[in-house]
Amino acid sequence: MNRKDFLALSSLGFLGISCGVSKPNPVTKALAIQLYTVRHSISKNLEETFERLAKLGFTDFEIYGYNGTFFGKTAKEFSQILKNNGLKVISSHHRTGMTDKENGTLLNNWEKTLKDLNFIGAKYAVCSYLPEAERSLESYRKLPEVLENAGKISKQNGIQLAYHNHDFEFLKMDEKRNFYDFILENTSSDLVKMELDLYWISKAGLDPLVYFEKYPKRFPLWHVKDMKAGTKDFAEVGSGTIDFERIFKFKEKAGLEHWFVEQDSSDKDIFESIEMSKKYIEENKFFYK
């Protein structure tokens, strides 16, 4: 730890016996995965992919790609596939709709989306990604209002809205703050939670613990994926440079409820990578302490 990091953490109370990490947060012990990890397998055969994940012990999903259907299935059909395999959906990824005019975005047919998410039993809807066209200063200034409005409608329909980061949100907006802080500061902590991607915040060179202290209980969802040394490419959980044990010690401060294994790409067969991540997770019980 360099001097700058030491001073930052000590000023926030992360060093010393008063850090308050002894009481665990009731985090689910179910193995969960973001299905984007197996998108190529899903495109070939949805049901076989689900069966394979279930055999590996993954029972909770975060889904992507809703456009009025779930991977081409109606809500009823998709719900039956989940039931057949003993699976459940915790959350679902969606874009804002500021430039994408498809169904299933925050600005297009959102109430119908929430109705379908309720039908399949999802608890969270997550704003997943800003395409390049939405990363202008003007778009970022509009984003809190878009999130607030969608969050309000979501709450009225029994779904919690959250926002998922990449690394570009951590670019400087002005001399005082980055875009991520701007989103946090200008949205309600009740209406807009955050899904923290541990890979992307680490790649951006920031410390999750600093955000947990600054915005406590705001991060109920995490993406757990690792980063290779040197190249900073995606890596199997436990094989890279991210100190998950250190981060998970502060899950109560973060407000963690669910976390999802994710690996955007791999230099191996993706199911081999998933099994490697699973093995590390099961061997390191700090995930559940």
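Relative contact order (percent) for the stretch 28-287, with alpha-carbon contacts under 8 angstrom and 6 or more residues of separation?
Working: 443 pairs, mean separation 40.8, N = 260.
Contact order relative to length: 16 percent.
Straight-line reach from K83: which aspartates and glutamates fall under 15 Å, measuring Cα to Cα and dropping same-chain residues less than 8 apart?
List returned: E47, E48, E51, D60.
Set the Förster radius R0 to 35 Å, insert the Cβ-Cβ distance between E245 and L87 as r into 1/(1 + (r/R0)^6), and round the FRET efficiency to 0.05. Please list the in-between numbers first.
Working: r = 28 Å, r/R0 = 0.81.
Plugging the Cβ-Cβ distance into 1/(1 + (r/R0)^6) gives 0.80.
If I model a spin label as a point 7 Å beyond the Cα along the Cα-Cβ vector, how far apart are those points for K155 and R52 in nm?
4.1 nm
With a ≥ b ≥ c the root eigenvalues of the C-alpha gyration tensor of the stretch 28-287, is it rounded (a/c under 1.5), prolate (a/b larger than b/c) or oblate? Don't skip to the end; give the middle numbers.
Numbers: a/c = 1.57, a/b = 1.07, b/c = 1.47.
Judged from the Cα gyration tensor, the stretch 28-287 comes out oblate (a/c at least 1.5, b/c at or above a/b).
List the pairs from K112/K217; K232/K253; K172/K268; K172/K278; K193/K225 whose alpha-carbon separation is above 31 Å, in the order I gave them.
Details: K112/K217 29 Å; K232/K253 27 Å; K172/K268 35 Å; K172/K278 36 Å; K193/K225 20 Å.
Table pairs above 31 Å Cα-Cα are K172/K268; K172/K278.
Divide by every residue of the chain the summed helix terms, -39500 (n - 2.57) for each DSSP H run of at least 4, and state the resulting mean residue ellipticity at 222 nm, rounded to the nearest 500 deg cm²/dmol.
The helix contribution divided over the chain gives -11000 deg cm²/dmol.
Show me the helices of the chain, taken as full DSSP H stretches, that run 18 Å or more along their long axis by Cα and average 0.0 or above in Kyte-Doolittle hydropathy. Show your work: numbers first, answer last.
Values: long enough: 137-156 (30 Å, -0.84); 270-283 (20 Å, -0.46).
Within the chain not a single helix satisfies the rule.
Taking amide H positions as placed in the peptide plane 1.01 Å from N, state which residues far from M227 in sequence (5 or more) or on other chains have amide H under 5 Å from it.
For M227, the qualifying residues are A235, G240, T241, I242.
Please list the non-local residues whose amide H lies under 5 Å from the amide H of A125, H modeled 1.01 Å from N, same-chain partners needing a gap of 5 or more.
S92, Q160, L161, A162
With the cut-off at 24 Å, tell me which of the pairs K55/K88; K214/K251; K29/K55; K155/K249; K44/K73 have Cα atoms farther apart than that. Write down the numbers at each step before the final one.
Values: K55/K88 14 Å; K214/K251 14 Å; K29/K55 16 Å; K155/K249 29 Å; K44/K73 14 Å.
From the list (K55/K88; K214/K251; K29/K55; K155/K249; K44/K73), the Cα-Cα distance tops 24 Å for K155/K249.
For each of F248, F271, count neighbouring Cβ atoms within 10 Å of the residue's Cβ, then give the residues from fewest to most.
On the way: F248 24, F271 16.
Arranged by neighbour count, lowest to highest, F248, F271 become F271, F248.
Read-outs throughout are calculated quantities, based only on the coordinates presented, and are distinct from any laboratory measurement. If you're wondering where the values come from, they're calculated on a predicted model, not measured in any experiment. With ideal geometry, Cβ positions are generated from the backbone for all residues, glycine too; neighbour counts draw on all protein chains shown.
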